[in-house]
Amino acid sequence: MTTQSHRAERVSAPAGSVEFDADVLVLGGGPAGTWAAVSAAERGARVVLADKGFCGTSGATAAAGTGVWYVDPDPALREAAMADREKLGGYLQDRRWMARVLDRTYQQSNRLADWGYPYPTDDRGKPQRNSLQGPEYMRLMRKRTKQAGVTILDHSPALALLVDDDGAVAGASGERRQKHDRWTVRAKAVVIATGGCAFLSKTLGSNVLTGDGYLMAAEVGAEFSSMEFSNPYAISPAFGSVTKTLFYGWATFTYEDGSVVPGAASKGGRSAIARALLQGPVYARLDKADDDVQRHMRVSQPNFFLPFDRTGIDPFKDRFPVTLRLEGTVRGTGGLRIVDDSCATSVPGLYAAGDAATRELICGGFTGGGSHNAAWAMSSGAWAGQGAADYARQLGTVAGRRLASAGTIAFRSRSLRAFEPAALAKRVQDEVVPYELNYFRDASRLHGALARLDAAWLDISQADAASRADVLRAREGAAMLATARWMYRSALAREESRGMHRRDDFPGQDNRQRHYLTTSGLDEVWTSVRPHAEITYAEAAE
Ligand SMILES: Cc1cc2nc3c(=O)[nH]c(=O)nc-3n(C[C@H](O)[C@H](O)[C@H](O)COP(=O)(O)OP(=O)(O)OC[C@H]3O[C@@H](n4cnc5c(N)ncnc54)[C@H](O)[C@@H]3O)c2cc1C
């Protein structure tokens with residue numbers, strides 16, 4: 001446990017603000033952020049963690065039950081686990097990274113057990129460590145983060161990074177929503193663990209995930225990778241927000257007139273559902289679940305049933321309307337590009353973990369059912385925290401560094417028009433939510449959407465600074481807009497279908513495009529091709 005002398009220091013600050021000096025600042029308090037904070041503190045760093053919500057209840061994991069890519073260290077089992085998703089992910093995974101994530105996830109899960117996480121056991125008494133209940137897991141992570149001596153700022157969204165004269169990242173600033181004041185943390189290194197971007201599509205736990213970390217990172221010049229793999233849609237009741245697509249494996253899907261939607265219940269049936277939803281309402285009934293399965297569903301995912309119980313619908317007997325909710329980069333695989341084993345980004349002093357970072361190294365272009373993202377969050381979180389702590393130690397003393405805010409959009413006044421955050425969010429959603437634009441992609445539709453998104457960027461670049469009350473929403477809207485532009489520029493550059501990226505005009509997978517796409521830029525968005533790290537396994541002929 002860390003001693004008091006390892007705590008970040010609160011320093012005197014002007015009225016209406018609080019300031020801290022720290023070695024490492026972690027932005028985001030989901031699994032990735034809390035593992036990063038604990039790991040940095042264990043390396044002796046003074047750590048501050050700032051979360052937009054209440055650390056331990058905010059983000060995609062806290063609201064869900066998550067499968068975890070936990071595989072016993074038996075070479076045959078590990079080999080099978082790595083081979084399992086390679087085709088699905090379009091052969092973009094990297095075996096070296098998969099092996100290290102499997103190792104680290106195994107260690108971290110066993111640490112959770114040592115810390116008292118109540119893993120269930122099977123009939124023979126063997127602990128089952130391949131699944132975590134989000135609320136229980138995150139309550140434990142908050143406790144361990146505090147015990148490690150980390151200063152937690154709850155309800156304190158970061159708004160912009162700080163940089164020194166050399167462009168190295170040196171902290172961040174944000175607001176304390178419940179105290180109505182500002183915070184500034186001067187730090188030697190920053191870990192971005194702000195999750196993915198789900199475009200305010202109302203999937204449970206994801207409305208805090210608006211890509212804020214991406215925008216802040218792009219403002220200091222960081223790069224992104226695999227942003228074309230950002231269009232997963234999950235099935236949910238039309239009247240609810242719980243996206244537990246797995247359960248719909250027991251469903252029959254029907255049109256308004258009661259006839260069955262062809263192909264909807266098969267593997268890959270979401271395309272059929274999306275096409276049917278373009279014509280009219282689609283209904284589901286979980287009528288293939290027997291009594292045993294029904295009981296298991298209720299125990300494993302009680303929150304799935306809340307909206308049904310409230311509305312008096314029995315999902316096993318009654319048919320109910322369904323929709324597909326966009327999950328963006330939360331269950332996509334794109335994110336900040338990491339350049340080494342410590343999850344450093346291309347910008348000095350900046351690290352990335354969890355959904356904020358690209359998961360291409362273990363997932364390629366598809367995450368499929370759960371488990372890899374949770375494994376990535378705990379592994380990359382630990383590496384990023386340790387990497388940031390080591391970087392901070394090597395930097396030594398930084399007293400007297402001049403720091404400046406890197407924040408641009410919504411901070412600089414151009415005075416040509418007012419900033420309207422709600423209208424901006426709607427403008428972005430109109431381009432990324434429709435299935436005919438994002439689920440089923442093609443060059444002409446992507447060009448059209450990009451032209452409108454680029455025009456929106458020009459508009460906000462010329463807008464007034466947002467008012468203090470609006471600045472968070474304005475930055476969220478700008479982050480969603482920037483994310484949509486990286487996503488569609490990358491989607492245009494990948495002229496094939498691979499992983500979750502489907503092009504109507506290029507329906508096949510093209511072996512010559514087995515590479516990664518890098519993107520970044522704010523006023524000018526660019527893309528470039530990076531070769532796949534190494535080809536050590538046979539590529540299946542498509
Ligand atoms: C319904 C659902 C089910 C899932 N099931 C599985 C599964 O079974 N297995 C699996 O592997 N994965 C699953 N996932 C994905 C998994 O939940 C994520 O990969 C995981 O939560 C990523 O952890 P994270 O810490 O990176 O992000 P999150 O858990 O999303 O946490 C991000 C945190 O950042 C904070 N934040 C955001 N913006 C800011 C800001 N500006 N300043 C400060 N803080 C900020 C948020 O408040 C939040 O606390 C599921 C996702 C969903 C939506």
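The values are calculated or read from the model by the stated rules, or taken from the named source; none is laboratory data. None of these values were measured; they are calculated from a predicted model. As a convention, Cβ positions derive from the backbone with ideal geometry for all residues, glycine included, and neighbour counts pool all protein chains shown.
Conditions tested, residue by residue: (1) within 23 Å of the chain's Cα centre (by Cα); (2) aliphatic (A, V, I, L, M); (3) farther than 15 Å from residue 409 by Cα.
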residue	(1), (2), (3)
454	no, no, no
467	no, no, no
476	yes, no, no
482	yes, yes, no
491	yes, yes, yes
498	yes, no, yes
507	no, no, yes
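Within region 327-340, identify whether any single residue is more than 15 Å from the chain's Cα centre (by Cα) and surrounded by fewer than 24 Cβ atoms within 10 Å (Cβ to Cβ), and answer yes or no. Looking through region 327-340, at least one residue is more than 15 Å from the chain's Cα centre (by Cα) and surrounded by fewer than 24 Cβ atoms within 10 Å (Cβ to Cβ). Tell me, please, whether a residue that is over 25 Å from residue 351 (Cβ atoms), buried (at least 18 other Cβ atoms within 10 Å of the Cβ) and touching a strand residue (DSSP E or B) at 6+ places or on another chain (Cβ under 8 Å) can be found in region 78-96. For region 78-96, residues over 25 Å from residue 351 (Cβ atoms), buried (at least 18 other Cβ atoms within 10 Å of the Cβ) and touching a strand residue (DSSP E or B) at 6+ places or on another chain (Cβ under 8 Å): present.
Scanning region 1-59 for residues that are modelled with pLDDT under 95 and either under 18 Å from residue 140 (Cα atoms) or acidic (Asp, Glu) (or both) gives 1, 2, 9. Taking (1) basic (Lys, Arg); (2) away from the ligand (no atom under 16 Å from the Cβ); (3) surrounded by 17 or more Cβ atoms within 10 Å (Cβ to Cβ) in turn, residue 359 satisfies each apart from (2).
In this structure, residue 97 qualifies as closer than 21 Å to residue 514 by Cβ, within 16 Å of the ligand (Cβ to nearest atom) and of a type outside the set (D, E, K, R). Taking every residue in region 190-209 that is at pLDDT below 95 and pairing it with any residue that is basic (Lys, Arg), at least 6 positions away or on another chain, the pairs with Cβ-Cβ distances below 8 Å are 201/325; 202/325; 203/325.
Answer yes or no: is there a residue in region 147-156 that is touching a Gly at 6+ places or on another chain (Cβ under 6 Å), assigned to a loop (DSSP other than H, G, I, E, B) and over 23 Å from residue 392 (Cβ atoms). Checking region 147-156: not a single residue is touching a Gly at 6+ places or on another chain (Cβ under 6 Å), assigned to a loop (DSSP other than H, G, I, E, B) and over 23 Å from residue 392 (Cβ atoms). Comparison of 430, 454, 442, 464 shows that the only residue that is out of contact with any Cys (no Cβ under 8 Å at 6 or more places or on another chain), surrounded by fewer than 20 Cβ atoms within 10 Å (Cβ to Cβ) and at pLDDT below 95 is 464. Filtering 11, 68, 47, 18 for residues that are within 29 Å of residue 171 (Cβ to Cβ), of a type in the set (A, V, I, L, M, F, W, C) and touching a helix residue (DSSP H, G or I) at 6+ places or on another chain (Cβ under 7 Å) leaves a single hit, 47. Looking for something of a type outside the set (A, V, I, L, M), within 16 Å of the ligand (Cβ to nearest atom), under 24 Å from residue 440 (Cβ atoms) and modelled with pLDDT of 95 or more - is there at least one such residue anywhere in region 341-349? No, because not a single residue in region 341-349 is of a type outside the set (A, V, I, L, M), within 16 Å of the ligand (Cβ to nearest atom), under 24 Å from residue 440 (Cβ atoms) and modelled with pLDDT of 95 or more. Selection of first residues in region 30-51 that are surrounded by fewer than 24 Cβ atoms within 10 Å (Cβ to Cβ) and of second residues that are among the acidic types (Asp, Glu), restricted to Cβ pairs under 7 Å at least 6 apart or on distinct chains, gives the following pairs, ordered by first then second residue: 43/390. Scanning region 392-432 for residues that are assigned to a helix (DSSP H, G or I) and either under 22 Å from the mean Cα position of the chain (by Cα) or touching a residue at least 24 places away in the same chain (Cβ under 8 Å) (or both) yields a total of 14.
Does residue 121 meet the test of being of a type in the set (S, T, N, Q), at pLDDT 95 or above and surrounded by fewer than 19 Cβ atoms within 10 Å (Cβ to Cβ)?
In short, no.
Inside region 179-215, residues that are touching a helix residue (DSSP H, G or I) at 6+ places or on another chain (Cβ under 8 Å), assigned to a loop (DSSP other than H, G, I, E, B) and of a type in the set (S, T, N, Q) make up a count of 2.
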